[in-house]
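To start, the structure under review is shown below, and the notes come after it.
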Amino acid sequence: MFFCIIFSEAIQRPIHPQFTFIFFILGLIFLWKILSENIFRKYIIYNFLLGILVGLLLYMYPYYWTTILAIYGTLIIYKIIKNKTNIWGLFIFLFSFLITSIPYFLNLHEASLNIFYSETLSRIGLFYTHFPTCYYNTLPVIFTLLLVIVFRSKIRDHNKMIYSLSLLFTALLINWQNLITGKYILFSTHYYMVTAFLVITVIFIAINNLNNEFKIKSAFYLILLIIPLFYFSANNINHFKNLFSLSIPKEETNKQQEMKDIFDWLNSNTPKDSILYIIDDKVREIMFPVYTHNNLYFNYFAGLFLMSDIEMEERWARKNIFNNNVNEQYIADNYFDIWVSKFLEELISPGYTEPVG
């Protein structure tokens with residue numbers, strides 16, 4: 001409930017994350033069952049279900065399946081070290097995962113053969129650095145991790161302590177994997193919500209499983225545990241405020257309502273799947289494919305799809321053909337619309353951190 005409140009603006013979006021987040025939570029539940037289950041048959045079933053779940057998440061949201069897979073990896077490593085793992089569980093997981101994900105990997109292979117695949121990867125922000133970033137994401141993780149490690153002996157349930165540590169180590173891994181791989185995709189803000197959920201989950205696990213005597217004696221520790229909750233709340237305060245303004249009509253909202261007549265006319269007078277060419281209105285143009293049966297000739301976010309850099313530049317030029325404000329500074333300010341994140345490796349400093357929100 002606390003998580004949904006502080007991320008209220010994001011969580012209210014239908015389909016994603018309202019629907020897809022259910023699969024992420026199910027994954028965390030299956031992971032807990034895999035760690036704590038002692039009955040072989042149930043252990044195998046949970047591995048099988050987790051494999052199917054991760055395979056399905058491949059088609060939904062990369063920041064969910066990578067997180068679930070990383071947690072699973074940390075738990076398997078722990079079980080191997082403690083000689084508690086059953087190799088059949090891992091085999092069953094891989095089997096169900098691979099069966100579910102076959103269409104995804106076939107499509108990925110086909111996409112990789114496209115002549116514009118490398119250009120597209122560079123546009124979505126793949127660049128090479130071993131320097132740590134994502135400080136907004138990792139700061140509360142490190143703080144909570146240190147607290148759990150220092151006071152791990154005060155947590156009653158050993159499995160829950162291990163589970164909490166695996167969530168926190170994974171939260172660091174998904175944000176700082178480039179320290180190992182040297183490859184970084186500049187969309188770490190998408191891991192912020194996932195990271196926050198993992199940290200909040202660990203905090204509530206820790207509070208609920210502290211020794212009762214320790215709870216009474218060490219209110220200071222409880223206060224320290226709550227600090228990350230204030231951190232996430234403060235970072236999302238503006239999003240939370242938006243909830244109270246949604247019911248208040250705004251000028252832009254009224255203008256969007258007035259576009260109904262345009263949508264109706266297009267639906268009645270244009271062929272289905274015909275292409276619309278809209279000049280210099282990227283804010284409203286994204287509404288047309290939603291409320292009409294038309295497609296859209298656009299450049300904003302088109303760079304995330306398979307196409308050449310030259311086509312992206314030409315699209316941007318055509319969209320701004322009547323824009324008298326275009327100059328060197330205007331192009332720099334609208335950098336993302338043309339090249340997305342292609343040249344950011346050359347433009348940003350090693351310690352760059354993406355803004356949250």
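The values are calculated or read from the model by the stated rules, or taken from the named source; none is laboratory data. These numbers were taken from a predicted model, which means no experiment stands behind them. With ideal geometry, Cβ positions are generated from the backbone for all residues, glycine too; neighbour counts draw on all protein chains shown.
Regarding region 275-284, can at least one residue be identified that is basic (Lys, Arg) and closer than 30 Å to Asp261 by Cβ? Checked region 275-284: at least one residue is basic (Lys, Arg) and closer than 30 Å to Asp261 by Cβ. Exactly one residue out of Thr85, Thr67 is under 24 Å from Ala196 (Cα atoms) and not basic (Lys, Arg), and it is Thr67.
Within the bounds of region 93-108, is there any residue that is in a helix (DSSP H, G or I), hydroxyl-bearing (Ser, Thr, Tyr), under 22 Å from the mean Cα position of the chain (by Cα) and surrounded by fewer than 16 Cβ atoms within 10 Å (Cβ to Cβ)? Yes, there is a match, as at least one residue in region 93-108 is in a helix (DSSP H, G or I), hydroxyl-bearing (Ser, Thr, Tyr), under 22 Å from the mean Cα position of the chain (by Cα) and surrounded by fewer than 16 Cβ atoms within 10 Å (Cβ to Cβ). Does any residue of region 179-192 turn out to be out of contact with any strand residue (DSSP E or B) (no Cβ under 6 Å at 6 or more places or on another chain), in a loop (DSSP other than H, G, I, E, B), within 23 Å of Ile5 (Cα to Cα) and not hydrophobic (A, V, I, L, M, F, W, C)? Yes, some residue in region 179-192 is out of contact with any strand residue (DSSP E or B) (no Cβ under 6 Å at 6 or more places or on another chain), in a loop (DSSP other than H, G, I, E, B), within 23 Å of Ile5 (Cα to Cα) and not hydrophobic (A, V, I, L, M, F, W, C).
Checking every residue in region 1-20 against the condition of being closer than 21 Å to Leu168 by Cα, aromatic (Phe, Trp, Tyr) and part of a helix (DSSP H, G or I) gives at least one match.
What about Leu35, is it over 22 Å from Ile99 (Cβ atoms), hydrophobic (A, V, I, L, M, F, W, C), in a helix (DSSP H, G or I) and at pLDDT 85 or above? Against the criterion (over 22 Å from Ile99 (Cβ atoms), hydrophobic (A, V, I, L, M, F, W, C), in a helix (DSSP H, G or I) and at pLDDT 85 or above), Leu35 qualifies. Restricted to region 273-314, and to residues there that are among the charged types (D, E, K, R) and not in a helix (DSSP H, G or I), the residue that is nearest to Val326 (Cα to Cα) is Asp280.
Scanning region 38-79 for residues that are outside any helix (DSSP H, G or I), surrounded by 18 or more Cβ atoms within 10 Å (Cβ to Cβ) and of a type outside the set (A, V, I, L, M) returns a single hit, Tyr61.
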